[in-house]
Structures are given as C-alpha cells and as structure tokens.
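First the structure, in the form of structure tokens, and then the observations on it.
The values are calculated or read from the model by the stated rules, or taken from the named source; none is laboratory data. What you see is a predicted model, and the numbers here were worked out from it, not measured in a lab. Cβ coordinates were reconstructed from backbone atoms using ideal geometry, including for glycine residues, and neighbour counts include every protein chain displayed.
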Amino acid sequence: MNLKNLKNEVLLQNTKNLIKEENRILAKVLAHFQEIESRKLYLELGYGGLFSFAVKELGYSEAAAQRRIEALRFLKKTPEALPIVEKGNLNLSNLSLLERITKEAQATHAQNVEALNLIQAETTSAAKAENKLREFFKLENKKRVISMEVDEETYQLWLQTKAKMGEAKDAVVLKKLCQSRQQSESKKTQPKVRQAPTARIAGVVLRRELLKEAGHRCQYVSPINARRCENQHFLQCDHKVPYCLGGETTQQNMRVLCQQHNQMVYQNLKSINL
Ligand SMILES: [Zn+2]
C-alpha cells in the first residue's frame, strides 16, 4: 500500500471511509461478544468470565477488554444504540462511558435512551461528554486527587494559612485561595502595552495580553474547514504580517500559535520564498 502519491483530499476521504468500516466492525464485534456471552462459551473453554476470556483467548489488553464489555452491557440494556454505533455516531469510549454513568445513576431504559441521544455524535473530549451526562443525571462531579511534594517552608505556610482561614479541610482552603486569586486578577485594570512596535520579540506584557485575548489557546484557523486549533501547549507569539515584511510587534499584528502551527506557518512562508 503506497500512500505517498495520494492527493490530500483522497487520503482524507479514504481515511474517513476506513473509519466508517471500523465502526461497522466494532458493531459486529460487540454483537459477537453478546452471542458468546449468551451461550456462556467462555465457561466451556475454561474461563471464569467474559473478561478473562477477552484478555487471554482474544488477546485484548485489559483496558480494551474492559471498554468492550462495558459497551456490551450498555448495548444489552439499550439495543437502540447498535445502529448508532454502526453509523459511526457513537464511539467505543462514549459507549463504555454511557454504561458507567447509567449504572451509577441506576437509570431506567427511557433515561438510557435519553442519555444516548445526549452524547451521540459527541466529538468533544471524553471529559466533556462525562460532564454532560453527570449533569443530566444530577450526579456528583468526579473527585480529583492532587498529590504533590512541597518543601518545609511551603508546608508551614500551608498550615498557617489553613489555621488563619479556620478551615480544616484542605480542599476547601485550596478552593478559597484559588477563587480569591482569580477575583483579584479580574479586578486588575488592563495594563497598557508599552513596547516599541519595531522590537522583534513580544515583551512580557504584550505576551500576557495576547495569551489572555487568545484564551491561552492556539489561534490557528484552518483555511480548509475553518477549524480552530485550540492547542494549549507550547504557545508562541507569531506575527500575522511577518516581521521580515515590515509587520509590527503590536497586539493587532500578533497572534498566538502552538509550536506545531508556528512551524507550519514558517515552513509555508519559506516555501513561497519569503
Ligand atoms: Zn495550533
């Protein structure tokens, strides 16, 4: 299979077709799992359950087996989901998420269907899908664990701050501290950017303004499908009109790009001999 000579559009379309195929196969695999379970075939083969059968006999990793079994549980109680999986509007991770949440909420069949409709075609992150479902079922948000090493001085400061705030629970103290920090930041008036527009590099103040304006996310917008990148890592300040073409280092002429998009824009510039 030589893909090197394919045009971008063909490569993209072929990939999308393959993913459709992948979804149809997923639906088939889950249907087979269901039949194996109803026949209890794994017992005859000497496995105590579907999970150990999926790992040892079928060669799935433990996490992959777990996701498929959760997906199967949801499909069994909500057969309406199968055609949606086949169409590719419900992926495996959202299916297993549906099972975990509806189980926790002890949902009825009607609620399962509602939850299904809520997140089908959901292409945002798994965390967003989970929040949506938790909100729907009025479940408590997932608890996160923060564990960090601090030096003795920080530890003593932490104890003193807790004592002064009269709070026993670490989580409450941390929340109040973070909230007050955010409030004092939003109260600050916007600093004026005083920087010579001819300087090449954006200074600290300009950079801070640009990042704030961009919501601390990459601002690259694809000319093909108008999708914005939104990457949050390794952000860099880039000139819209290139510096070498007289573009100024001002808020109007600057934008925030992630490292990958900054490099891509730079390569494109180089390829048209700027
Ligand atoms: Zn980007």
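Does Asn262 qualify as being of a type in the set (S, T, N, Q), outside any loop (DSSP other than H, G, I, E, B), within 13 Å of the ligand (Cβ to nearest atom) and closer than 30 Å to Leu12 by Cα? Quick ask: steps written out before the conclusion?
Values: of a type in the set (S, T, N, Q): yes; outside any loop (DSSP other than H, G, I, E, B): yes; within 13 Å of the ligand (Cβ to nearest atom): yes; closer than 30 Å to Leu12 by Cα: yes.
Criteria met by Asn262.
Go through segment 62-78 and report how many residues are buried (at least 18 other Cβ atoms within 10 Å of the Cβ) and small (Gly, Ala, Ser).
2
Restricting to segment 33-61, what's the tally of residues that are loosely packed, with under 11 Cβ neighbours inside 10 Å and either in contact with an Asp or Glu (Cβ under 7 Å, 6 or more places away or on another chain) or more than 16 Å from Lys76 (Cα to Cα) (or both)?
Step one: of segment 33-61, the residues loosely packed, with under 11 Cβ neighbours inside 10 Å are 35, 38-39, 44, 46, 48, 59, 61.
Filter again for either in contact with an Asp or Glu (Cβ under 7 Å, 6 or more places away or on another chain) or more than 16 Å from Lys76 (Cα to Cα) (or both), leaving 44, 46, 48, 59, 61.
The total comes to 5.
Based on this model, can you work out whether Gln236 counts as within 15 Å of the ligand (Cβ to nearest atom), polar (S, T, N, Q) and touching a helix residue (DSSP H, G or I) at 6+ places or on another chain (Cβ under 6 Å)?
So Gln236 fits the description; yes.
So is Glu213 within 23 Å of Ser186 (Cβ to Cβ), within 14 Å of the ligand (Cβ to nearest atom) and surrounded by fewer than 18 Cβ atoms within 10 Å (Cβ to Cβ) or not?
So Glu213 fails the test.
Read through the list (1) within 27 Å of Arg194 (Cα to Cα); (2) loosely packed, with under 11 Cβ neighbours inside 10 Å; (3) within 15 Å of the ligand (Cβ to nearest atom), then give the number of the only condition that Pro223 fails.
Unmet for Pro223, out of (1) within 27 Å of Arg194 (Cα to Cα); (2) loosely packed, with under 11 Cβ neighbours inside 10 Å; (3) within 15 Å of the ligand (Cβ to nearest atom): (1).
Does segment 86-102 contain any residue that is out of contact with any helix residue (DSSP H, G or I) (no Cβ under 8 Å at 6 or more places or on another chain) and either part of a helix (DSSP H, G or I) or of a type outside the set (S, T, N, Q) (or both)?
No: segment 86-102 contains no residue that is out of contact with any helix residue (DSSP H, G or I) (no Cβ under 8 Å at 6 or more places or on another chain) and either part of a helix (DSSP H, G or I) or of a type outside the set (S, T, N, Q) (or both).
Considering (1) within 17 Å of Val29 (Cβ to Cβ); (2) modelled with pLDDT of 95 or more, say which one Asn91 fails and leave the rest.
That leaves (2) as the condition not met.
Given the condition over 30 Å from Leu12 (Cα atoms) and within 16 Å of the ligand (Cβ to nearest atom), answer yes or no: does some residue in segment 171-186 qualify?
Residues of segment 171-186 over 30 Å from Leu12 (Cα atoms): 171-186.
From what is left, the residues that are within 16 Å of the ligand (Cβ to nearest atom) are none.
No, the conditions are met nowhere in segment 171-186.
Looking at Cys229 and the list (1) within 14 Å of the ligand (Cβ to nearest atom); (2) more than 25 Å from Glu9 (Cα to Cα); (3) among the hydrophobic types (A, V, I, L, M, F, W, C), which single condition is not satisfied?
Condition not satisfied by Cys229: (2).
Need a quick list: helices (runs of 4 or more DSSP H) entirely within segment 109-177 having at least 2 residues that are charged (D, E, K, R). Quick ask: steps written out before the conclusion?
Details: elements: 109-119, 126-136, 152-165.
Helices (runs of 4 or more DSSP H) meeting the threshold: 126-136, 152-165.
What tally of residues in segment 243-274 results from selecting those that are of a type in the set (A, V, I, L, M, F, W, C) and exposed (fewer than 15 other Cβ atoms within 10 Å of the Cβ)?
Qualifying residue count for the region: 6.
Go over the candidates Val113, Val85 one by one and state the one that is in the same structural domain as Asn23 (by TED's automatic domain parsing), more than 19 Å from Lys128 (Cβ to Cβ) and in contact (Cβ under 8 Å) with a residue 40 or more places away in the chain.
Val85
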